[in-house]
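Only one structure is covered here, and it is reproduced in the block below.
The values are calculated or read from the model by the stated rules, or taken from the named source; none is laboratory data. None of these values were measured; they are calculated from a predicted model. With ideal geometry, Cβ positions are generated from the backbone for all residues, glycine too; neighbour counts draw on all protein chains shown. We work out accessible area using only protein heavy atoms, side chains counted, and drop any ligands, DNA or RNA first. Shrake-Rupley method; radii C 1.70, N 1.55, O 1.52, S 1.80 Å.
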Amino acid sequence: MKRKPQIAVIGDSDPSLEVVQWAEEVGRLVAQNEGVIICGGLSGVMAAAARGAAQAGGLTIGILPSYDATTANDSIEVTIATGLGHARNTLVVSSGDAVIALPGSYGTLSEVALALTLGKPVISVNAWADVRGVEATDSPAAAVALAFA
């Protein structure tokens, strides 16, 4: 059996409506391309990307900061309860074949930095363009196309 591409999606836990829409589209497009969504499993961009993927029939994996699997959002199919707090960010980005970064704050920035340190391709949607090594795009479709390239 061939392994499906795993795309880590990162971003704000309290995003704007526009960013929620981008994240849902990223999730949907990843699922339509037979990829797996990996995220932090909680709210905001994580929930939106998982929701988009789940609605398109895709697999969603949430790598949680706590030991409590019930904290995952409703669109997560597979939970990994780590008890690692923010250190779980390393697991999120290291598990992706590529990382799609949406606008976010310090947690997202830490994931961008970790992914780049690990040599993972980081593609952004209207964010992080000023971070060396990030490939900036202006749409979810462009980001997903680069993630699968």
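So the values come out like this:
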{"item": "Counted residues, the stretch 74-90 - those being farther than 19 Å from P5 by Cα, of a type outside the set (S, T, N, Q) and surrounded by 14 or more Cβ atoms within 10 Å (Cβ to Cβ)", "result": "3"}
{"item": "Close pairs (9 angstrom Cβ cut-off, 6 or more residues apart or separate chains): open to solvent by 20 Å² or more (accessible area, probe 1.4 Å) in the stretch 48-73, acidic (D, E) anywhere", "result": "R51/E24; R51/D74; A54/D74; A54/E77; Q55/E24; L59/E77; I61/E77"}
{"item": "Residue count, the stretch 94-149 (criterion: assigned to a helix (DSSP H, G or I), touching a Pro at 6+ places or on another chain (Cβ under 9 Å) and farther than 16 Å from G27 by Cα)", "result": "1"}
{"item": "Any hit, the stretch 103-111, residues being of a type outside the set (F, W, Y), under 16 Å from Q6 (Cβ atoms) and crowded, with 18+ Cβ neighbours inside 10 Å", "result": "yes"}
